[in-house]
1. So if I check each of Thr106, Thr135, Thr184, which one is in contact (Cβ under 8 Å) with a residue 24 or more places away in the chain, out of contact with any strand residue (DSSP E or B) (no Cβ under 9 Å at 6 or more places or on another chain) and buried (at least 22 other Cβ atoms within 10 Å of the Cβ)?
2. Please report, ordered by residue number, the helices (runs of 4 or more DSSP H) entirely within the range 214-283 with at least 2 residues that are farther than 24 Å from Leu126 by Cα, open to solvent by 40 Å² or more (accessible area, probe 1.4 Å) and modelled with pLDDT of 95 or more.
3. Ala89 - would you say it is under 19 Å from Ala109 (Cα atoms) and surrounded by 20 or more Cβ atoms within 10 Å (Cβ to Cβ)?
4. Can you go through Asp69, Asp74, Asp81 and tell me which one is more than 24 Å from Ser266 (Cβ to Cβ), at pLDDT 95 or above and open to solvent by less than 20 Å² (accessible area, probe 1.4 Å)?
5. Looking at (1) outside any strand (DSSP E or B); (2) in contact (Cβ under 8 Å) with a residue 24 or more places away in the chain; (3) open to solvent by 10 Å² or more (accessible area, probe 1.4 Å); (4) not polar (S, T, N, Q), find the lone condition where His57 falls short.
6. Looking at the range 27-39, is at least one residue among the β-branched types (Val, Ile, Thr) and assigned to a loop (DSSP other than H, G, I, E, B)?
7. Quick one: which of Gly145, Gly101 is surrounded by fewer than 17 Cβ atoms within 10 Å (Cβ to Cβ) and modelled with pLDDT of 95 or more?
8. Mind checking which pairs have a first residue in the range 243-262 that is free of Cβ contacts under 8 Å to residues at least 24 places away in the same chain and a second that is of a type outside the set (Lys, Arg), Cβ under 6 Å, 6 or more apart or different chains?
Amino acid sequence: MDGRESTERTLMSRDGTGIAVTVTGTGRPLVVVPGSMGTAQDWQPLAGRLASRLTVHAVDRRGHGRSGDQLAYDIARECEDVVTVMELAGSEAVLFGHSYGGLIATMVALRQPPAALVLYDPGLPLHGPLGGPVTADIERAVETGDHEGALVIGLREVMGMPADGIAQFRAMPQWDTFVARIATWPRELRAVDAARFTLDQLSAGLTGRALIVTGEHSPGSLGRVARSLHGVLPGSRFVEIAGVGHDAHLEAPDALARALVAFVESLPDGPGQPCSETADEPV
């Protein structure tokens, strides 16, 4: 089998929900937990670039892609889903969470530390609510069938995207995809705002090897969270990817792949150990 070929698996989570995983490549396992409106398919350009070095397990989170869902939503079930995938990947797996997936990955890592942790613009409410009252506005637009309007509200009010940025995004092929996936965003924004973390708690609980990633043009609130987290995690590395924003896996997968390979190849074999020194790396 060519390392760039993918295998699709469906695992049964603890509550009986089927969780789809796309497995690509050979080498040390990397479990990718996508953010809001993201699916495993979005991460295949990155997985292809990593295929000769890493085995990427890209997760379709519940309610996304090929995975199932339940009527009642609880982020704790998402954590169980990721643990199920980590069990498949094995004890040497590196856990990578993007955006909302970064919140899930953080919650998992606090309970069951992975061999190493990667967080890209993690959706942690360290400096106040992320969605706040805007979440209800997005939800109302979804309920009335105005999915495009819901996305515009979220991009403008939650992500801080200016009008010209939204116009540019609207012209991209990903626009229709994000519009189609918008319905699950409100429940995830509520989960972010309900999460309770302090920097002291994260510093004490996340003591293993960690890479914190942001984009040069990432939303200010998420970039601030990434920098704050790096500032308190002992031994974490920090990478800012030049010329991109919140979605380097789509905008600049080569640059993100380089950062990931450099980090993973610096790790010891076997389960994670605390890192003795920090490093900041431009990409």
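The values are calculated or read from the model by the stated rules, or taken from the named source; none is laboratory data. Being a predicted model, the structure only gives us computed values, none of them experimental. As a convention, Cβ positions derive from the backbone with ideal geometry for all residues, glycine included, and neighbour counts pool all protein chains shown. Quick note on the areas: whole protein, heavy atoms, side chains included, nothing else; ligands and nucleic acids left out. Shrake-Rupley method; radii C 1.70, N 1.55, O 1.52, S 1.80 Å.
1. It is Thr135.
2. Numbers: elements: 220-232, 248-251, 253-265.
Ranges flagged: 253-265.
3. Values: under 19 Å from Ala109 (Cα atoms): yes; surrounded by 20 or more Cβ atoms within 10 Å (Cβ to Cβ): yes.
It is true that Ala89 is under 19 Å from Ala109 (Cα atoms) and surrounded by 20 or more Cβ atoms within 10 Å (Cβ to Cβ).
4. When all the criteria are applied, what remains is Asp81.
5. (1)
6. Filtering the range 27-39 for residues among the β-branched types (Val, Ile, Thr) gives 31-33, 39.
Then keep just the ones that are assigned to a loop (DSSP other than H, G, I, E, B); that gives 39.
Within the range 27-39, one or more residues are among the β-branched types (Val, Ile, Thr) and assigned to a loop (DSSP other than H, G, I, E, B).
7. The match here is Gly145.
8. Pairs that qualify, where the first residue is free of Cβ contacts under 8 Å to residues at least 24 places away in the same chain and the partner is of a type outside the set (Lys, Arg), are Ala252/Val244.
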